[in-house]
Protein chains: 2
Amino acid sequence: MSPRRSDPQARSALIDIAAGLLAGEGPQALSARRIAAEAGSSTMTVYTNFGGMSGLVREMVHEGFARLETYFSHVATTGDPVADMAMYGRAYRHNALTNPHLYAVMFGGASPAGFSLTAEDRQHGRYTLSTVVECASRCIAAGRFRPGDAELVAHQLWTAVHGLVTLELGDYLIEPCNAGVVFEAQLTGLMVGAGDTFASATRSVGSSLERMGKEIVNVDPDPSYGESPRHGGG
Amino acid sequence: MSPRRSDPQARSALIDIAAGLLAGEGPQALSARRIAAEAGSSTMTVYTNFGGMSGLVREMVHEGFARLETYFSHVATTGDPVADMAMYGRAYRHNALTNPHLYAVMFGGASPAGFSLTAEDRQHGRYTLSTVVECASRCIAAGRFRPGDAELVAHQLWTAVHGLVTLELGDYLIEPCNAGVVFEAQLTGLMVGAGDTFASATRSVGSSLERMGKEIVNVDPDPSYGESPRHGGG
DNA sequence: TTTTTTACATAACGCTGTTATGCCAGGCCG
DNA sequence: CGGCCTGGCATAACAGCGTTATGTAAAAAA
């Protein structure tokens with residue numbers, strides 16, 4: 001139509017269109033032809049601007065993390081680090097529920113078949129959680145969480161909330177196990193589990209935990225199905 | 001080649017081939033043509049036996065849950081329900097790490113673009129966790145977990161472990177946050193969070209939790225990106 | 001103004017799931 | 001035994017995908 005040269009807004013325009021398509025019609029609408037048609041151009045624009053669909057999806061993932069960071073930045077510091085932490089959890093879930101398809105692209109790989117994130121992309125995403133790590137540090141410093149690695153605690157919270165959100169988006173959580181109820185219970189349980197009662201509680205629970213071996217890893221119901229030997233035994 | 005009629009083993013043979021392809025070469029090898037070529041037949045076999053790729057993928061999901069159930073059945077009952085529960089968690093993670101691609105298909109939707117599970121499929125998968133629910137009941141009955149809904153507790157554990165496993169498979173967890181370390185810490189924290197120390201711990205933590213409002217859900221950094229109004233507030 | 005760069009449109013390649021057509025081996029019935 | 005008929009499978013085609021080669025024309029550079 002109007003082939004203007006070096007249009008700096010072309011990139012963000014395409015990203016916006018792709019985001020709208022993803023939000024409105026789901027992942028299957030994320031095709032180069034569809035995006036180009038929506039933008040009134042040909043599929044080549046995707047390649048000149050992003051080098052291919054992977055590049056565009058990558059930008060959308062960054063956009064997704066940017067939105068998450070925006071939500072995080074809107075969490076008001078209450079002075080109570082534990083309360084702040086729970087708010088970060090709620091913000092995380094709210095972001096995922098508000099942008100379900102985008103969240104699926106970020107973590108679930110609901111994108112063009114052969115797409116996979118770069119290590120740098122994952123690093124970028126993990127960096128978004130530095131806010132949570134800092135909050136965990138504050139919780140520990142305030143004596144509300146037991147002394148330990150703040151990053152470890154933050155990862156515990158992250159993985160737990162991520163798991164619930166993922167299953168919630170996949171419609172795996174149904175009544176009467178309301179996702180919101182499970183979420184709030186999860187939040188409380190995580191705070192308690194990370195809390196200062198840990199040491200005493202470990203006395204009653206940990207003894208059983210230590211009794212457990214790991215012989216389960218030797219059980220292989222059908223070795224012929226064995227996939228890549230990824231399981232290193234952690 | 002040898003067009004034998006009504007071969008009841010054709011289905012499982014195709015499933016086996018598909019599972020092997022998925023395990024060996026990843027999700028992108030899961031194509032009707034590839035499977036047919038591997039089976040020495042044409043793509044029509046996929047349609048006569050499964051009605052399409054979705055049907056075959058569905059069967060593979062069932063296969064995945066069957067493997068998980070097998071692992072669960074190999075968890076020896078130690079007499080300590082909390083220890084058993086932790087073992088279920090380890091079995092769950094072990095199954096996911098042993099069959100990473102299959103696990104991704106089960107929950108991540110790493111399958112043909114437009115594929116989605118039926119409500120019955122999810123019900124089927126959830127049924128696999130009834131073992132964990134029973135174990136939670138035993139934990140509660142033994143006074144090791146605080147009184148409450150066993151299904152709720154089981155779902156908490158499930159979502160937490162699932163989240164960690166998902167991020168681990170997606171290479172989102174890196175050193176020094178070793179996934180195994182996070183996992184064991186998560187297990188312990190979950191047991192403590194669900195434990196009988198909950199009531200007392202809530203006294204110190206819950207007060208802050210109750211102070212939190214939910215005003216975060218009103219923050220919308222960029223409404224133009226708003227996706228489907230899925231967020232019902234749980 | 002002339003040259004070069006470069007973004008884009010067009011068309012094609014190889015791939016995907018899916019479907020219509022036709023063949024041909026079985027089971028069934030006369 | 002011979003003819004019919006059902007149905008699984010192979011072949012080929014259709015629509016769509018990501019990607020790429022080629023050509024064109026406009027913007028930047030000389």
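No value in this document is a laboratory result; all are computed from the given coordinates. From a predicted model like this one, the values you see are computed outputs, not experimental measurements. Quick reminder, even Gly has a Cβ in these numbers, built from the backbone with ideal geometry, and neighbours come from all protein chains shown.
Here the 3J(HN,Hα) profile of the range A:69-80, calculated from phi with Karplus coefficients 6.51, -1.76 and 1.60 at θ = phi - 60°, is 5, 4, 4, 4, 5, 8, 6, 6, 6, 8, x, 9 Hz, Gly and Pro shown as x.
Neighbour counting of Cβ atoms within 10 Å sorts the residues A:I174, B:I35, B:I17, fewest neighbours leading, into A:I174, B:I17, B:I35.
Here's how it looks for B:F145: its modeled amide H is under 5 Å from those of B:I140, which are all 5 or more places away or on a different chain. Each 5 Å bin from zero holds the following percent of Cα-Cα pairs in the range A:4-58: 4, 22, 36, 26, 9, 2, 1. Charged neighbours of A:G163, selected by a Cβ distance under 13 Å, balance to 0 (K, R count +1; D, E count -1). Compared with the alpha-carbon gap, the fully stretched path from A:H74 to A:M44 is longer by 7.0 nm at 0.36 nm per residue.
Considering only alpha-carbon pairs that sit under 8 angstrom and 6 or more positions apart, the relative contact order computed for the range A:28-168 is 23 percent.
Which of the peptides B:83-90, B:124-131, A:157-164, A:38-45 is most tightly packed, and how do the rest follow, going by the mean number of other Cβ atoms within 10 Å of each residue?
On the way: B:83-90: 24.4, B:124-131: 17.1, A:157-164: 26.6, A:38-45: 14.4.
Result, highest mean Cβ count within 10 Å first: A:157-164, B:83-90, B:124-131, A:38-45.
Please state the shape class of the range A:16-141: rounded when a/c is under 1.5, otherwise prolate if a/b exceeds b/c and oblate if not, all from the C-alpha gyration tensor. Judged from the Cα gyration tensor, the range A:16-141 comes out prolate (a/c at least 1.5, a/b above b/c). Inter-chain Cβ neighbour count for B:141-149, averaged per residue, equals 1 (cutoff 10 Å, partner chain atoms only).
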